[in-house]
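J.: First the structure, then my questions, so here it is.
Taken together, the values in this text are just the output of simple stated rules run on the coordinates, not laboratory data. Everything numeric in this text was worked out from a predicted model, so none of it was measured. Note: ideal-geometry Cβ built from the backbone for every residue, glycine included; neighbour counts use all protein chains shown.
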Amino acid sequence: MSSLSIYSGLVGIHGISVGMNAATVAAIIASKRLRKTQNIFVCNIATVDCITSTLAILTLLLSYLRGINITLLHLGMRAAVITGIFSALAVAIHRFIIIRFDPFNKRNLVTAPRCVVASIAFWLIPLGTFTAINLFNIDERVDLETLILPMVSFVSHTICTVCYVTVYWTISNAANEQVGLSNRMLLQRIKQNKKVLVTFALVVGTNIVCSLPISFSYFIIYVRPDWVFNFETFTLNYKFWIYANVTRGLLGLNGILNPIIYWSRLTDFRNLITSNVPRCCIPTRSPSSHKAEGEKNAELSLKTQESSVPDPKDSGGVREQGVNVVST
């Protein structure tokens, strides 16, 4: 397969990623229904995927033209990938905090301004780090920024995994404890929390599968440069060139999968789609089903309001069993 065919395919994948993530960011900004604290990091991840794919397209086009220095584009892509990893880690820590420490948001630990500040920091830290390394790294033989990405990827994804396993274990244990109480509404809320948790775990899973290969490629560049570059012919090794293009394709695939996960699994995103679908395309239900649904929603709303009342026995203002009753 010619390099033109490979580059064209990669540009197409990243082009789809740009379009889908740009639509996700626009929907979150434009829709009041989606402008929630828990969607700030989702918006940041979508922005990261959009910018990463845009930089990838520019890199591919300039690589095909050859003879053009694309070092800054590579550094920008590395910084964007790290920002995406940080954002996925922030989602995991966010779920961990609201499930384990602040289920009713009484302590106000997770607020919109704090999430916005954290999202901005996720952009500034890798960009500032790479800029400082390029300005003050005197020994050009030591390519520190190449080693940063695999280290950050491994540590962040390990922490994400620990957070999700811990939170899911907590929710499962609470569900088992509540079965004997025949509290259907509480069990339903626990089930909703499980679904949201699994959704973001899928996002982290796709990030791991799709970003680890590119992180490993940078690790190879650092420890075995002879596998990357043929110093006798001064050309890039063909096998590594193929592997590098596979990692680029996986990076674009990650940008496609994340919006699919959001729009197919998160209730707010699905409701936004159904609200814009013509009524003729929505199957009608009997009046009794509407009545039952209304009674169910009212009961759930009442249960949510009752569950937000602090227990006098709890000095922290939150019941121990209430760790899992969280707004999703």
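J.: Using only alpha carbons, build the gyration tensor for the range 24-164 and give me the equivalent ellipsoid semi-axes, biggest first, whole Å. Can you show the working numbers first?
T.: Values: eigenvalues 203, 73, 29 Å².
The three semi-axes for the range 24-164 are 32, 19, 12 Å.
J.: Translational D (Stokes-Einstein, µm²/s) of the range 1-60 at 10 °C and 1.306 mPa s when Rh comes from the Kirkwood sum over C-alpha pairs?
T.: Values: Rh = 12.4 Å.
After rounding, the answer is 128 µm²/s.
J.: Leu202: net charge of surrounding residues, Cβ under 14 Å, Lys/Arg +1, Asp/Glu -1, itself excluded?
T.: Working: positive: Arg95, Lys194, Lys195, Arg265; negative: none.
Result for the local shell: +4.
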